Amino acid sequence: MIVTHKLKTTRSRKIVNQIFHSVSLWMSTPIARLSGNTREIKPTSASAFAEIKKPLLESLINTCAADGRVPHASNTSPTSVPAYCNIPPHIAKRVGTQLHLRKNHPLNIIKSKIERYWLHDNEQSNASSSFRIYDDFHPLVRTHDNFDSLLIPKDHVSRSKSDTYYLDEETVLRTHTSAHQLELLQVSSEEDITNHSFLVSGDVFRRDEIDSSHYPIFHQMEGVRLFDRGTSSLAVEHDLMDGLEGMAKVLFGNVEMRWVDAYFPFTSPSLELEIYFEGEWLEVLGCGVIEKDIIRAAGRIDQPGWAFGLGLERLAMVLFGIPDIRLFWTNDQRFHEQFSDGEIVKFKPYSKYPPCLKDISFWTNNCFHANDLNEVIRDIAGDLVERVELIDEFKHPKTNRNSNCFRITYRSMDRSLTNQEIDVLQEKVRQSVVESLGLELR
């Protein structure tokens, strides 16, 4: 039996054991599956927009790969790439990988279990609220759709180039699956103005730190359900909480749960669901009642609804016991042969290779952001980088210049690294810090 505590706490409360911030802002032609029946949906304007922008993304891959450059605000981008672009080649090349659609992959296993719950196992589900499933939207979206349509303030930190990948000023790699919410509400309003529900899953992109639980590409799932006009906000909130508690039970079993007050620009009230799992509290997802301004912008006029967002990696790392987020991207069969569709089993580590540590020190400037350094390192060393951490800061007493020292931990998940090969990579990092970031080495 689940013991559920519906608690209200302060919005400033820090989340215990937060794996990574995949819910920090929550959290080609699409195919919709309605209760198991697949049918094509007409191309949306978002799909058409992505098709227009895809050649520019391909040009970015070809141009930057040819001369080894990483787009950055402090330098001039190649001729065919917009000056505003900050998408490095190693990110551009992985657009369209779609790990969440790969059979027997841990992310697909979690995705399928959640979809199955909302389509078939949820006791509240009925014919009038059957969930449509969208899982193949291209991640290139309008800046407006990613931020403005969700009421995210103009000065919000998530809009900065240190956090978000911009192809140009009007185009980003989506930072959350919520970027498709408004258009799906508008499309559905042409089909039915009564109850409507959908699930959206896909890869999302954020410039971030480097460690075992952060990666610039991860995967989210978004759920939305609308109700008849006149349904009270309280009834919508209760339906949301009951449905998500049922989903958590399907994933984690009979665990203790609690609700925590939260803040998201696009929902009010906003909540986070936490569970007590393996001896500690774990944040599972963010959710809330959709803001009325978003509903009205979709042409639905006071039709209430709820939305939730969750990170698939967050859940998979906990449920499968996967210790390093890079493993989701490995091609090593020793990893993949451990997983089968529909089954949640604990990952068995097949090796632990020794790390290789290298330090780099430089004088910073007013434009420096740690995420810029992380992008340079990732673009050169890829998934051989396990962690990048600031280990020392120094301010010169006479010049007032600031110096940072970062430690880079190199470690392969599949083989032993030699000091010689890492020295080559480290020298490339040092050169790129000077040439791409405009910094002075110490």
Can Glu337 be described as more than 18 Å from the chain's Cα centre (by Cα) and open to solvent by 40 Å² or more (accessible area, probe 1.4 Å)?
yes
Which residues, taken from the stretch 258-275, are assigned to a strand (DSSP E or B) and either in contact with a Leu (Cβ under 9 Å, 6 or more places away or on another chain) or of a type in the set (Lys, Arg) (or both)?
Arg258, Trp259, Val260, Asp261, Ala262, Phe264, Leu271, Glu272, Leu273, Glu274, Ile275
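Which is over 29 Å from Pro106 (Cα atoms), touching a strand residue (DSSP E or B) at 6+ places or on another chain (Cβ under 8 Å), in a strand (DSSP E or B) and of a type in the set (Phe, Trp, Tyr), of Phe308, Phe362? Working first, answer last.
Working: Phe308 fails: over 29 Å from Pro106 (Cα atoms).
Every option except Phe362 fails the conditions.
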Regarding the stretch 226-248, can at least one residue be identified that is at pLDDT 95 or above, under 19 Å from the mean Cα position of the chain (by Cα), on the phi < 0 side of the Ramachandran plot and surrounded by 18 or more Cβ atoms within 10 Å (Cβ to Cβ)?
no
Val433 passes all but one of the listed conditions (1) open to solvent by 50 Å² or more (accessible area, probe 1.4 Å); (2) over 26 Å from Leu327 (Cβ atoms); (3) β-branched (Val, Ile, Thr); (4) modelled with pLDDT of 95 or more; the exception is number (1)
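Every residue, every condition in (1) modelled with pLDDT of 95 or more; (2) outside any loop (DSSP other than H, G, I, E, B); (3) farther than 30 Å from Gln338 by Cβ, yes or no:
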| position | (1), (2), (3) |
| --- | --- |
| Ser80 | no, no, yes |
| Ala83 | no, no, yes |
| Asn104 | yes, no, no |
| Lys111 | yes, yes, no |
Only residues in the stretch 297-312 that are open to solvent by 10 Å² or more (accessible area, probe 1.4 Å) count as the first member; pair them with residues that are modelled with pLDDT under 95 and part of a loop (DSSP other than H, G, I, E, B), Cβ under 6 angstrom, at least 6 apart or cross-chain, and list the lot.
Asp302/Arg229; Pro304/Phe227; Pro304/Thr231
Identify, from the list Phe308, Phe328, the residue that is within 30 Å of Phe227 (Cα to Cα) and under 28 Å from the mean Cα position of the chain (by Cα).
Phe308
Tally the residues that are modelled with pLDDT of 95 or more and loosely packed, with under 15 Cβ neighbours inside 10 Å, restricting the search to the stretch 406-417.
1
Failed item, numbered, when Tyr353 is tested on (1) hydroxyl-bearing (Ser, Thr, Tyr); (2) open to solvent by less than 20 Å² (accessible area, probe 1.4 Å); (3) assigned to a loop (DSSP other than H, G, I, E, B)
(2)
In the stretch 249-274, the residues that are farther than 22 Å from Phe147 by Cβ and either among the polar types (S, T, N, Q) or more than 21 Å from the chain's Cα centre (by Cα) (or both):
Lys249, Val250, Phe252, Gly253, Asn254, Val255, Glu256, Met257, Arg258, Trp259, Val260, Asp261
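The values are calculated or read from the model by the stated rules, or taken from the named source; none is laboratory data. Given the structure is predicted, the values throughout are model-derived calculations rather than measurements. Every residue, glycine among them, receives a Cβ derived from its backbone with ideal geometry; neighbour counts consider all protein chains shown. Surface accessibility is based on the protein's heavy atoms, side chains included, excluding ligands, DNA and RNA. Shrake-Rupley method; radii C 1.70, N 1.55, O 1.52, S 1.80 Å.
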